[in-house]
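J.: Structure in structure tokens, see below.
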Amino acid sequence: MVVFRTGLVVVAAAALIASSAAAAAVDIAPGGVVNTAAVAQTAPSPAQAAGSAVGTLVSGGKHFCTASVVHSPGGDLVLTAAHCLGDGISGLTFVPGYRDGAAPYGSWNVTSETIPAGWQDSADQDLDFAFLTVAQPGTSATLESLTGGNTLGTGQGFSHTVTLTGYPDATEEPVVCTGTTAQSDTYQQRIACPGFPDGTSGGPWITGADPLTGLGTVLGVIGGYQQGGDTADVSYSAYFDTDIQELYAQATA
């Protein structure tokens, strides 16, 4: 049975706030074999290490995916998985730094989306990423000026030590896992991280993260192969190359 990592859960909180989740798994590449030695350890994330730039997407008072702030000229750009946006952006908000019912940076309205044509036409798993532009009525500061933003990394190969952050449906705080990525297909990468259940699609893969802010270079998002993987201890991502670089250029034009 294929597990998709976009489950919806109602959150009882003071505002439209949310948390997101991912999928659990064993290390199985497409057509590959189990690699239990590569499984990293996942644990509840300290508030600061989780990164204020990581948050949740919310629609109709429910959370369903993770997203993160990416550095941009306008300071208003968010990165997630393309498959998270199947229902469009009407009423969609981003809540960065959500934790234990608190939205420290408020709720940001999604005003536009930039999705690869190949995903829109055929749901190409190698193009499972998207950018969102956000705004907060009455706020003069940009989102990035409040939360910081990760730098987009492209064409950097498949082997890296990265940190994943996501919001399990059953908790009100994120979990974090640090492990080593590997190539699983021509344009797919994977990492063995247990404890990422449904809902963490779009969670960023960060390398070189600052231990105080959690900010670094984002090399992937949970998605890609079978929308994040068919088990709950391995996460997948489309490889970040010229396709996402060109998409970023469109989103920031």
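The values are calculated or read from the model by the stated rules, or taken from the named source; none is laboratory data. These numbers were taken from a predicted model, which means no experiment stands behind them. When we count neighbours, we look across all protein chains shown, and the Cβ atoms used for this are built from the backbone with ideal geometry, even at glycine. Ligands, DNA and RNA are stripped out before the accessible areas are found, and what is left, the full protein with its side chains, is counted by its heavy atoms. Shrake-Rupley method; radii C 1.70, N 1.55, O 1.52, S 1.80 Å.
J.: I'm told Asp126 meets every condition in (1) in contact with a Phe, Trp or Tyr (Cβ under 7 Å, 6 or more places away or on another chain); (2) part of a strand (DSSP E or B) except one. Can you identify the failing condition by its number?
T.: (2)
Okay, residues lined up against (1) free of Cβ contacts under 8 Å to residues at least 12 places away in the same chain; (2) assigned to a strand (DSSP E or B):
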{"residue": "Asn109", "(1), (2)": "no, yes"}
{"residue": "Leu132", "(1), (2)": "no, yes"}
{"residue": "Pro137", "(1), (2)": "no, no"}
{"residue": "Ala141", "(1), (2)": "yes, no"}
{"residue": "Ser145", "(1), (2)": "no, no"}
{"residue": "Thr151", "(1), (2)": "no, yes"}
{"residue": "Gln156", "(1), (2)": "no, no"}
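J.: What are the residue pairs meeting all of these: first residue in region 77-94, first residue free of Cβ contacts under 8 Å to residues at least 60 places away in the same chain and of a type in the set (D, E, K, R), second residue open to solvent by 10 Å² or more (accessible area, probe 1.4 Å) and not in a helix (DSSP H, G or I), Cβ atoms under 9 Å, and 6 or more apart or on different chains?
T.: Asp87/Ser59
J.: Within region 22-34, is even one residue within 18 Å of Ile206 (Cβ to Cβ) and either modelled with pLDDT under 60 or surrounded by 19 or more Cβ atoms within 10 Å (Cβ to Cβ) (or both)?
T.: There is at least one residue in region 22-34 that is within 18 Å of Ile206 (Cβ to Cβ) and either modelled with pLDDT under 60 or surrounded by 19 or more Cβ atoms within 10 Å (Cβ to Cβ) (or both).
Rundown of residues vs (1) modelled with pLDDT under 95; (2) of a type in the set (Phe, Trp, Tyr); (3) out of contact with any Ser or Thr (no Cβ under 7 Å at 6 or more places or on another chain); (4) open to solvent by 10 Å² or more (accessible area, probe 1.4 Å), yes/no style:
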site	(1), (2), (3), (4)
Val58	yes, no, no, no
His63	yes, no, no, no
Val70	no, no, yes, no
Pro73	no, no, no, yes
Asp76	no, no, no, yes
Leu79	no, no, no, no
Ala82	no, no, yes, no
Asp100	yes, no, yes, yes
Thr111	no, no, no, yes
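J.: Oh, and also: Give region 158-184 a look and list any residue that's open to solvent by less than 30 Å² (accessible area, probe 1.4 Å) and either in contact with an Asp or Glu (Cβ under 7 Å, 6 or more places away or on another chain) or assigned to a loop (DSSP other than H, G, I, E, B) (or both), or say none.
T.: Result: Tyr167, Pro168, Pro174, Thr181.
J.: Still on this structure, I have one more. Restricting attention to strands (runs of 3 or more DSSP E) lying wholly within region 185-253, give those where 3 or more residues are within 18 Å of Gln125 (Cβ to Cβ) and either in contact (Cβ under 8 Å) with a residue 60 or more places away in the chain or open to solvent by less than 50 Å² (accessible area, probe 1.4 Å) (or both).
T.: Working: elements: 188-192, 204-207, 217-221, 234-238.
Where strands (runs of 3 or more DSSP E) fall fully within region 185-253 and carry at least 3 residues being within 18 Å of Gln125 (Cβ to Cβ) and either in contact (Cβ under 8 Å) with a residue 60 or more places away in the chain or open to solvent by less than 50 Å² (accessible area, probe 1.4 Å) (or both), they are 188-192, 217-221, 234-238.
J.: Can you tell me which residues in region 216-237 are more than 12 Å from the chain's Cα centre (by Cα) and modelled with pLDDT of 95 or more?
T.: Passing the criteria: Gly216, Thr217.
J.: Which one is nearest to Gly229 (Cα to Cα) among residues in region 77-107 that are part of a strand (DSSP E or B) and of a type in the set (Val, Ile, Thr)? Show your work before the answer.
T.: Looking only at region 77-107, we keep the residues that are part of a strand (DSSP E or B), and these are 77-80, 93-96, 99, 102.
Now restrict to residues that are of a type in the set (Val, Ile, Thr): 78, 80, 93, 95.
Numbers: Val78: 22, Thr80: 16, Thr93: 25, Val95: 25 Å.
Looking at residues that are part of a strand (DSSP E or B) and of a type in the set (Val, Ile, Thr), I get Thr80.
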